[in-house]
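K.L.:
Take this structure first; my questions come after.
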Amino acid sequence: MDDGKGGVRLKGSFISKIALFSALIIVMRLFKLPLHIPGAGSAPWLGVMIIARGLSDYAMTTTLIGLIVGVIAFGMDMPPGPWHIVKYVVAGMIIDIMDRLLLRRTTSSISYGLTGALAGFAKVLGIYIIALLLSLPVFIIHSLLVYAVALNGAFGFVVGIIAYHVVEAVRRHHVGSSLA
């Protein structure tokens, strides 16, 4: 099955890393603290996604992980719903875009923090747009939108900074060379 260039082995290695990240996410969800603050519940998910982006060379890493995370969250979060898939895929796409625009040019904790904040913003705004498109009652969302966006952005920023330090620690210890 190998194409002689290690393609099958490389793809299998990448898929196994995605599976390990997914298992880590499930473990993190088991120990979730019910803070009831917008953005707090998704902080570990965004952290895993940003760390994966920092350690992988695959172009669509976080979009794919966002899809996996969304499917997992679809069944685990209460209330369950398909919007979990949308919000994490959108966050993954933003992280992938920010990787191309910012993270590959400047690797600093601030650039990772900005990436996390934008992913947090996009997650909330994606759900808001879906609610508007489906004509769902959004009067409560209107009143809480600024609060939710601000908190999701703040949690995303902090998670991005933490993710930067994790990625740098892994790269410093030369573990990252086998993670691509």
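K.L.:
Filter region 122-177 down to the residues that are of a type in the set (S, T, N, Q) and closer than 25 Å to Leu102 by Cα, then identify the one that is modelled with the highest pLDDT.
P.N.:
Only one residue fits best here, namely Asn152.
K.L.:
Looking only at residues in region 95-109 that are modelled with pLDDT of 90 or more and of a type in the set (Val, Ile, Thr), which one is farthest from Ala163 (Cα to Cα)?
P.N.:
In this case the residue turns out to be Ile97.
K.L.:
Now for a separate question. Test each condition in (1) modelled with pLDDT of 85 or more; (2) charged (D, E, K, R); (3) over 17 Å from Ile162 (Cβ atoms) for Arg53 and report the one that comes out false.
P.N.:
(3)
The values are calculated or read from the model by the stated rules, or taken from the named source; none is laboratory data. Because the structure is a prediction, the values reported are computed rather than measured. Note that we place each Cβ from the backbone using ideal geometry, even for glycine, and neighbour counts take in every protein chain shown.
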